[in-house]
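Note sheet for the following structure.
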């Protein structure tokens, strides 16, 4: 049985912190899984009686099931945030998760496509005819040319597209708004799509819709991206975030200032953007090994 305070916490995330639906759902799944584990191990107990040993046992059970360290740490982070909320509201005397450390995660580079692969998409990939083909191409265009997150893409409205000033208004995490410039090429994609949307009398205020005038969902966007990326990449990961990684990596590889990239991505801290500099360094290492006569090759 899930403690009622969980739903109060989730409501707080929605109303006060303006967390996305995806974020709130992840928190809910993590906390429900935790309380189900507790119920199986020691029976039903309120959140106030949970101690650090219970949480360590939960973490251990996840590791034994073969869950990856990154996923385990995300669930631990959910518990820490939840108990921090309870402690702040004096619903518990202390935070039993605060001093628990999760498993170490190996450093990994962001998955991205090289420039020849992205060029191949825009030059060779054949999108379907009609409105849906225009929409699918626009989705790929926006993700690669602006670097927006999937949730930000789905939240775009027609009024967020400024064709005159060539800029896109994006509502990011915690309702933080930012403006992203776009190219004349993307302007043309927007214009053709919006003209067809208007012609078909699809009046939904959201930018991306289907032929029934309903807003496109997460599943459809992921399917479109997977199909398109699968035509040029053998990487296992073919998600919208790969195009975000590709956007940032290509900017840095071509000399963009990291602080400017940080603003375009909507990162709160520079450390989040610095992951893409690793990609740049790896590219330099590869070039060095291939070209320098004393590189050992």
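We did not get these values from a lab; they are worked out from the coordinates using the rules stated. Predicted model, so just to flag it, every value in this text is computed and none were measured.
Miscellaneous remarks
- Relative compactness, region 115-289, computed as alpha-carbon Rg over 2.2 N^0.38 Å: 1.05
- Spatial extent of region 97-145: Rg and Dmax, with the Cα atoms as the point set, Å: 18.8, 56
- Relative contact order of the chain, taken over Cα pairs closer than 8 Å and 6 or more residues apart, is 17 percent.
- By the Stokes-Einstein formula, at 0.890 mPa s and 25 °C, region 169-244 with its Kirkwood radius over alpha-carbon pairs has D equal to 166 µm²/s.
- Mean residue ellipticity (222 nm) of the chain, computed from DSSP H runs ≥ 4 via -39,500 (n - 2.57), nearest 500: -18000 deg cm²/dmol
- Each distinct pair of alpha carbons in region 3-60 adds a 1/r term; the inverse of their mean, the Kirkwood radius, is 12.2 Å.
- For region 115-289, relative contact order (Cα pairs under 8 Å, six or more residues apart, normalised by length) works out to 24 percent.
- Converting the Cα gyration tensor eigenvalues of region 1-137 into ellipsoid dimensions via √(5λ) gives semi-axes, longest first, of 39, 20, 14 Å.
- With eigenvalues of the C-alpha gyration tensor scaled by 5 and rooted, the chain, Å: 38, 27, 18
- Relative contact order computed over region 4-88 (Cα-Cα under 8 Å; 6+ residues apart), in percent: 34 percent
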